[in-house]
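Structure, as structure tokens:
Every read-out reported here was derived from the displayed coordinates using simple, explicitly stated rules and does not represent laboratory data. All of these numbers come straight from a predicted model, not from anything done at the bench. Backbone-built Cβ (ideal geometry, glycine too); neighbour counts: all protein chains shown.
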Amino acid sequence: MRADPGFDPNHFLDGAKAAYEMVVMAFAQGDETTLNQLLGSDVYDGFQRAIRERETRGEKVESSLVGIDKADIIEAEVKNRTGYVTVKFVSELISVTRDAEGEVVEGDPKKVREVTDIWTFARDVSSKNPNWKLVATEAAN
């Protein structure tokens with residue numbers, strides 16, 4: 001907040017939750033255009049590689065975000081005019097991966113599971129652009 005006096009944690013978390021949902025759904029759908037707008041280049045490269053590998057195997061992912069139970073800022077720092085905010089998300093997700101024949105290879109289309117993710121967002125705090133990009137992801141479970 002010292003580096004960016006306009007930073008509002010509640011407003012940030014609202015945007016982070018919206019971004020979380022968009023990224024989860026875009027990844028499941030293989031929507032690289034949306035992902036490219038929301039992700040930093042390293043994270044985008046990893047997501048793109050996973051999408052391409054999935055497509056090569058003929059697999060499709062079906063995801064449904066039931067809800068985000070919690071979203072908490074667990075760390076915030078500024079390095080060289082770049083602000084980093086790390087958020088711990090606890091969500092409920094239904095996710096299934098099917099092979100080319102439609103058979104389930106991973107997940108369960110009827111089971112809601114709790115997922116905990118740690119995501120780090122970044123932006124140049126000296127920039128007029130208010131948008132944050134996802135620059136690191138970690139699954140906590």
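Could you tell me the calculated FRET efficiency between residue 90 and residue 42, based on Cβ-Cβ distance and R0 = 35 angstrom, to the nearest 0.05? Working from the Cβ atoms, E equals 0.90.
Placing a label point 7 Å from the Cα of residue 80 along the Cα-to-Cβ direction, the residues of region 104-136 whose backbone N falls under 14 Å from that point are 123-125. Helix 9-29 axis versus longest C-alpha principal axis of the chain: approximately 30°, rounded to the nearest ten. Can you give the helix-only mean residue ellipticity at 222 nm for the chain, where every DSSP H stretch with n ≥ 4 adds -39500 (n - 2.57) and the sum goes over all residues, rounded to the nearest 500 deg cm²/dmol? Using -39500 (n - 2.57) per qualifying helix, the result is -10000 deg cm²/dmol. Dividing the mean sequence gap of close Cα pairs (under 8 Å, 6+ apart) by how many residues the chain holds gives a relative contact order of 21 percent. Counting Lys and Arg as +1 and Asp and Glu as -1 over every other residue whose Cβ lies under 11 Å from the Cβ of residue 131, the net charge comes to +2.
Just to confirm the number: angle between the C-alpha axis of helix 41-56 and the first principal axis of the chain, 0 to 90 degrees, nearest 10? Approximately 10 degrees, to the nearest ten. Here the Karplus relation 6.51 cos²θ - 1.76 cosθ + 1.60, evaluated at θ = phi - 60°, turns the backbone of region 108-114 into coupling constants of 8, x, 10, 10, 8, 10, 7 Hz, with x for every Gly and Pro.
The Rg/Rh ratio of the chain, with Rg taken over Cα atoms and Rh as the Kirkwood radius over Cα pairs, comes to 1.01.
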